[in-house]
Structure formats: C-alpha cells, structure tokens
Amino acid sequence: GRTRAFAAVDLGATSGRVMIGRVGADVLELEQVARFPNGPVQRPDGLHWDFEELVEQVVAGLAEAVLREPSIESIGIDTWAVDYGLLRDDALLAEPFHYRDERGARGVERVHARVRFAELYARNGLQFLPFTTLYQLAADDLAPAARTALLMPDLVAHRLTGAAVAERTNASTTGLLGVHDREWDRALAERIGIDARLLPRLVDPGEPIGRLLPALAARIGAELPVVAVGSHDTASAVVAAPLSSPATAYISCGTWGLVGLELTEPVLTDAARDAGFTHELGVDGRIRFLHNVTGLWLLNETLRAWEGEDGAPIDLPGLVAQATAADRPVPVFDANDPSLSTPGDMPARIAAVVRATGGEPAVTRAGFVRMIVESIAQAFADAVATAAALAGRTVDAIDLIGGGSLNRLLCQATADRSGLPVLAGPVEATALGNVLVQARAAGSFGADASLERLRELVLRTHPPVRYTPRE
Ligand code: LRH
C-alpha cells in the first residue's frame, strides 16, 4: 500500500521527542522533529515534572511535524508509566509529582497496613515498586479534592483534545487494574482509601481518544485525531521488539532496563512474586512479564555529577572507548540497590554500595563507567535467566531495544554475562511501536494484523546488530 504518515509523541524520563513516522508495505521510517531534555525538578514540596514545559514542547513539535509533513493522519502519545495528574473542572490541581519523589514510601506503609502485599500481587500481578500509582495516590493530600486522575500520556491527550480516558497498557502499571479481568479494581481502590470515581473510562490501543481542540488545531495547523497507542512507553517499545521466536527475551533499555518475556498467560506464582516479576499489559492483551532493572539512570546521573564538578560536558563516547579497552577486572555491584534510586551525588553513592559488599571502586572515570556498565549487564543477565526459569521457557536470544542498544560495551557485556546472543536495536523502538499501532488502526496492515506482522516489518526495515557471547 501507499506510504502513510503519523506523529508520535514519546516522552521518556530523560528526554522527550516528537517524530514523524512513515509506514508502507516495505517502509518503516522515523524522522525526528523535536527532541528536548526532561528530568526531575526540585520544588519546595518535592520532585516534580515540569508538565507545562513538556506540553509546550509537544505542541511546538507537532506544529513543526505538520509543517514538514502535511499528510500526517493522527497523533499517538506515550510516556513513562505510573505518574499522574489530578484534575478538577478540567484543570490540573497541582504539578504532577515525579516517581522518584519520596512520597511514595509513605503510601507504601498506608496501603500495606490495609492490604498485604501478597494479596495485592494476586489481584494486580505487579512487582513491588515504591512508586506504583496506588502508593502515590494513597499519599496524595490533594486526591480528595480531585474529580479525575489521569496518567501522564492521558493527561497530555486531555490537554490536546479535552477527552479524559485511561489507556489500558499504562493503566496496568497503577496497581489498580485487575490482572485477570483487566478492569479497574474499584473494590481494592476503596479499601485503600482511593475514591474509585477518580478512575476514568478505559480505552485500548488503536481506539480513538478525541480530536485536537480548535485552538490547538489552529496552532498545530491541522485538525488531527489523537489515537490511543501502547501509551506506556515500554508497551510501545515491546511492540517494536522483533521477538522472532518465543525463545527470545527482551530488554527495553533507557532510563530503566525492563527485562522479560512476552506471555499470553500470567505466572502468578509465589516464586514470581518473590523474584519481583510483574505483569504489565501489552498491546493486544499480551502480558509483559518483566522485572525493572535500573538502566542508564546510573550512567546518566554519574555523568551529570561529573559535569557539575568539571563545569563542562563529558565526552561519553571517549570514556566508553577507554572503558572498553581497560581489561583490569572491575567489581560488580547491585544495580538495583535502593540507595541509587534518587537523584544527586551518584558516584559517591555507587562507591558506597561497592564498598559495602567488600569491593574497591574503580579510581579512573573510565574504570567507573566500566563498573557501572558491567553491573547493569549482570543485572540484565540475571533477570533474563530468572524470567526464563519462572515462565518455564527456554531462552536462546535477547532483543536489546531502546537507547541502550547504541551502547556497544553494554550490549557485549550483556551477551558475555548471559551467554546468549544479543540482537541490538531498534534504538527508537518506543516511537516505532507508537507509530505502528496508529498505522494498524488506520488500516495500513489490514485491521486485524497481528503484532507478529508488525514485527516482521520492523525486522525487515531495522535489522538488529548481533553481539555474540565470548568465553
Ligand atoms: C520506563 C518506565 C518503566 C516504568 C518506569 C516508571 O520509561 O515506563 O516501564 O517502570 O518508567
């Protein structure tokens, strides 16, 4: 069929982008129109997202996209999971909090005092993360004053269209969606003191959300519809993971490394619960059976600290090249150590974690980078092995997608430490998955094309780079 164009808004925890995606019989291309930094901002009451700035960047990016490609047919929006804004009379009550704010920890105590974690897991299938939406909402002083709670991508869609919905893949990260029936667990919400009326109507990827509000259509230059995609960025990324066989695991590596398997049935065992394996919903009702590993956050925060010391940007490719050449063994630390989850002072905190387990932190910056990358790779390898064991699957390859796929040291270390070939790329898997779901909804593939059909196009147009494990 002819090549058609869509706009993807993809907001990550470290950067956001607006892309034009073009899809045809043998075509799957992205053109980056805007890219802007994102990150936690410290306010007097804690860590937030600068939501107004993000919206401004999104609208400007969409206007530029329409200018460059007037045939764009729709807009899809994905962001990181779990965070939300509270609305009353269609307006935000406060700037959304960042999931790394410490407020979640208060919510954990409140929630677990009412519902034990084992029961939560049986109901929502989620690994324990202190920032899961239900803990944040339980600690949110403004919740009683709100009418509606919208997750970040839905909040952006609401700004653009006025429609208030909850896209289901991301709703599955709130802890308030039933793992079996995939509907809001209103009884659970009420038991932990969350007003279930805050939870909006659920929509699935591919469904229309609404049309641009007139003032925005005028600014953007087209009256476009916003279509639901896998609005959880990881759900969109997994759509564009080639997964050429059921024996392929994936690692979606950006700020986080999401490591696991795509399943059709949940694995709600005690072992899966104790190993921290989650059941997030994918597009087409697939299950993302995965574990959160701290990803490039450790590296990005370390670089940010060094840039602060030097007052100058760090040459990361240069450092990685030196780190690759260094053959001195480095200690491996637990990348998921909870002391590394908040911003600031990362090199010192990593050094403390290394020392606490009897290691000697690397002294050079190249050595330090090597230590971080090897530690992330070890956590990746461990999580792949655990996923396979828990799901009773043989795994013979790993698709490593997202920004981390450009880090050759990380890809090779993951291959070496897992003993499995790593197939790296696409780097922009999330935006590709976003565009593919819009294209399918528009009829580019035939309305009932399976994910395998979409992935086959990804594999043909974005052949991965292969890293073979070394002894
Ligand atoms: C990755 C991600 C991940 C969540 C985290 C909050 O961007 O969406 O899947 O666990 O952010």
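Brief remarks on what is shown
- Antiparallel content of DSSP bridges confined to the chain, in %, to 5: 75
- Tensor-based shape of segment 122-184 (alpha-carbon gyration tensor, a/c under 1.5 rounded, otherwise prolate or oblate): oblate
- Contact order normalised by residue count of segment 323-428, Cα under 8 Å, 6+ apart, percent: 26
- With the convex hull drawn over the C-alpha atoms of segment 231-380, the volume per residue is 146 Å³.
- Packing around the peptides 195-204, 41-50, 364-373, taken as the average count of other Cβ atoms within 10 Å per residue, puts them in this order, highest first: 364-373, 195-204, 41-50.
- Nitroxide proxy distance, nm - points 7 Å out along Cα→Cβ at Arg186 and Asp396: 4.9
- Calculated on alpha-carbon atoms, Rg and Dmax of the chain in Å: 21.3, 62
- Around Glu56: net Lys/Arg minus Asp/Glu count, Cβ-Cβ under 12 Å: -1
- Inter-label distance for Gln42 and Glu95, nm, one decimal - labels placed 7 Å from Cα along Cα-to-Cβ: 1.3
- Here segment 290-331 is scanned for amide nitrogen atoms under 20 Å from the site 7 Å beyond the Cα of Glu360 along Cα-to-Cβ, giving 323, 326-331.
- Taking every C-alpha pair closer than 8 Å and separated by at least 6 residues, the mean separation divided by the residue count of segment 261-366 gives a relative contact order of 23 percent.
- Dividing the Cα radius of gyration of segment 331-408 by its Kirkwood radius returns 1.03 for Rg/Rh.
A short reminder: the numbers here are calculations on the coordinates, not readings from a lab. It should be emphasised that the depicted structure is a prediction, and the values quoted were computed from it without experimental measurement. Neighbour counts run over all protein chains shown; Cβ positions are idealised from the backbone, glycine included.
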